[in-house]
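A short write-up of the structure that comes next.
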Amino acid sequence: DAVGEDGAMSEDRTLYRTVIDALVVQCRTGQGQISAHRVRAGVWNENAEVVEDASPDQHAMNLLLGALSEEQREVMAQLFAEEFASGVFNALEVLEAARIEPFHAGEGGTASDNFLDRLDDWQWPEP
């Protein structure tokens with residue numbers, strides 16, 4: 001039950017909303033933006049050329065990004081950010097399917113749908 005007898009949200013609903021909102025923050029300004037930021041900057045790994053044991057793909061990514069225009073890098077940055085959000089969406093679907101509390105029942109939809117809605121600035125219903 002989402003609301004108790006006194007009108008307050010249950011601990012599960014509060015936890016649910018807190019986690020969904022934290023995932024949205026990660027997508028907008030946290031871990032979900034790290035790759036996008038690197039792509040926009042045109043440098044995947046600033047140490048790829050100076051660190052002896054750097055992975056060759058790090059250098060290759062630097063070369064690729066350096067060859068792209070600013071507009072092309074922006075398109076790629078958006079793709080990287082969307083892929084991060086897609087991973088969050090998929091993880092929430094797995095939690096729902098496994099019936100993991102409190103993600104097995106969303107608010108007016110599934111947890112993955114609530115996540116997408118919150119990314120689009122949808123407001124939580126009043127308790």
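The values are calculated or read from the model by the stated rules, or taken from the named source; none is laboratory data. Remember, it's a predicted structure, so these values are computed and weren't measured experimentally. Ideal geometry is used to build each Cβ from the backbone, glycine not excepted, and the neighbour counts take in all protein chains shown. Protein only, heavy atoms only, side chains kept; ligands, DNA and RNA dropped before computing areas. Shrake-Rupley method; radii C 1.70, N 1.55, O 1.52, S 1.80 Å.
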Within segment 108-122, backbone nitrogen closer than 13 Å to the virtual label 7 Å beyond the Cα of T14 toward Cβ:
none
Hey, what number do you get for the chain at 222 nm if only DSSP H runs of n ≥ 4 count, each worth -39500 (n - 2.57), divided across all residues, to the nearest 500?
-19500 deg cm²/dmol
What FRET efficiency comes out for R99 versus E71 if R0 is 30 angstrom and r is the Cβ-Cβ distance? Round to the nearest 0.05.
0.10
Inter-site label distance for W124 and Q78 at 7 Å from Cα along Cβ, in nm
3.1 nm
Between helix 56-67 and the chain, what is the angle of the helix's C-alpha long axis to the longest principal axis, kept within 0 to 90° and rounded to the nearest 10?
80 degrees
Which whole-Hz couplings ³J(HN,Hα) result when phi for each residue of segment 81-91 is put into the Karplus expression 6.51 cos²θ - 1.76 cosθ + 1.60, θ = phi - 60°, listed in order with x for Gly and Pro?
5, 5, 5, 4, 4, 4, x, 5, 4, 5, 4
Starting from the eigenvalues of the Cα gyration tensor, five times each then square-rooted, give me the equivalent ellipsoid semi-axes of segment 71-121, largest first, whole Å.
27, 12, 5
Would you work out the charge dipole size for the chain about its Cα centre, treating the Cβ of every Lys and Arg as +1 and the Cβ of every Asp and Glu as -1, and quote it to the nearest 20 debye?
320 debye
What part of the accessible area of segment 86-127, given as a whole %, is carbon or sulfur when the probe is 1.4 angstrom?
53 percent
Largest first, please: the extent of the C-alpha atoms of the chain along each principal axis, to the nearest Å.
62, 30, 21
Compute the semi-axes of the equivalent ellipsoid of segment 22-61, taking the square root of 5 times each eigenvalue of the Cα gyration tensor, and list them largest first in whole Å.
26, 10, 7
Out of A36, Q58, A22 - ranked by how far each Cα lies towards the positive end of the dipole of the chain, with unit charges on the beta-carbon of charged residues - the top one is Q58
State, as an integer percentage, the relative contact order of the chain based on alpha-carbon contacts under 8 Å between residues 6 or more apart.
28 percent
Mind ordering 87-95, 50-58 by average Cβ neighbours within 10 Å, highest first?
87-95, 50-58
